[in-house]
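The values are calculated or read from the model by the stated rules, or taken from the named source; none is laboratory data. Quantities reported herein were computed from a predicted structural model and do not represent experimental measurements. All Cβ positions, even for glycine, are placed from backbone atoms using ideal geometry, and neighbour counts span all protein chains on display.
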Amino acid sequence: MTDLTELFTWTCSRCNDLTQGFEVIELIVDVQNCLQAYVGVAHDLNSIIIAFRGTQENSLQNWIENLLWKQLDLNYPGTPDAMVHLGFYTAYHNTTLRDAVINAVHKTKKLYGDIGIMVTGHSMGGAMASFCALDLTVNHRIPNVQLMTFGQPRIGNAAFASYFSKHVPHAIRITHGHDIVPHLPPYYSYFPQKTYHHFAREVWLHNIGLGSLVYAIEQICDGSGEDPSCSCSVSGNSISDHLQYYGISMQAETWGSCRIVMDYSVLQYQMDLAGNVILSKNLPAPSILQSSRQTASTSYI
């Protein structure tokens, strides 16, 4: 969403049709890196929802991060051989998102008690959601965090995948047809310990044809993360399959850049000198970000 007012107030055209009653607690926009996430409460699920926006189609910065295949040693306890994707790890850990999301989670738990947490994201958003789920579990000792991603890329090597599955057992990676992104960065079966490797568990959405009939299949894959009978069995060369899951379009309604639009007269927000924005229902005391209010409608590029 470009219009943050519609997103924060949950009045956008896509909001109430499938997720009526959802309440956004905090919306974070890292303008410098074209990243966006929100934390809210789904009362019907009695859960905190953390959602990370996927790659903007024409955002050069996002695609550069996607293409940085260099691996980085994971600085987590008990992970001597685990390595992760530098770009995706940095996008979550070294931007405005991490601290703002963690603060919003603690704030929401104070408001609503010890309710569950579900983390989600599509594409690059799925990669960041995965690092967030692991962060909440290992570093903040929040139990039973659930993760569900859509069309996410690989984010670490086999040692990392094993570590991740141990600490975040309630994780599902949904893939679709010939979606190209889950095939990146590439996995080489003859170097399984050295190359990128998905964590389990995958659920593969695909169609099978029997004569003139076509059936939609939701196939639950094995616990290896690289089940040869699931998405690994196809070429993975489709962008269109990446942009639609369960019949729902996963791309922006308009072909936009990383600009944002918001009505500053009706929203409480904080903004730092770089233009990064946090919208919040209950603003904390100003710390890193400087509070400000204006009565104008402005765009940021």
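Here are a few things to note about the model shown:
Residues are listed down the side, and each one gets a yes or a no for (1) part of a strand (DSSP E or B); (2) in contact with a Leu (Cβ under 8 Å, 6 or more places away or on another chain); (3) without any contact (Cβ under 8 Å) to a residue 40 or more places away in the chain:
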| position | (1), (2), (3) |
| --- | --- |
| V119 | yes, yes, no |
| G125 | no, no, no |
| L136 | no, no, yes |
| R141 | no, no, yes |
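- From the list N75, N94, the one residue that fits, being of a type in the set (S, T, N, Q), loosely packed, with under 15 Cβ neighbours inside 10 Å, under 24 Å from V145 (Cα atoms) and modelled with pLDDT of 85 or more, is N94.
- Residue within the range 232-242 that is part of a loop (DSSP other than H, G, I, E, B), modelled with pLDDT of 90 or more and touching a strand residue (DSSP E or B) at 6+ places or on another chain (Cβ under 9 Å) present: yes
- Lone qualifier among V84, V138 - being in contact with a strand residue (DSSP E or B) (Cβ under 6 Å, 6 or more places away or on another chain) and not hydroxyl-bearing (S, T, Y): V84
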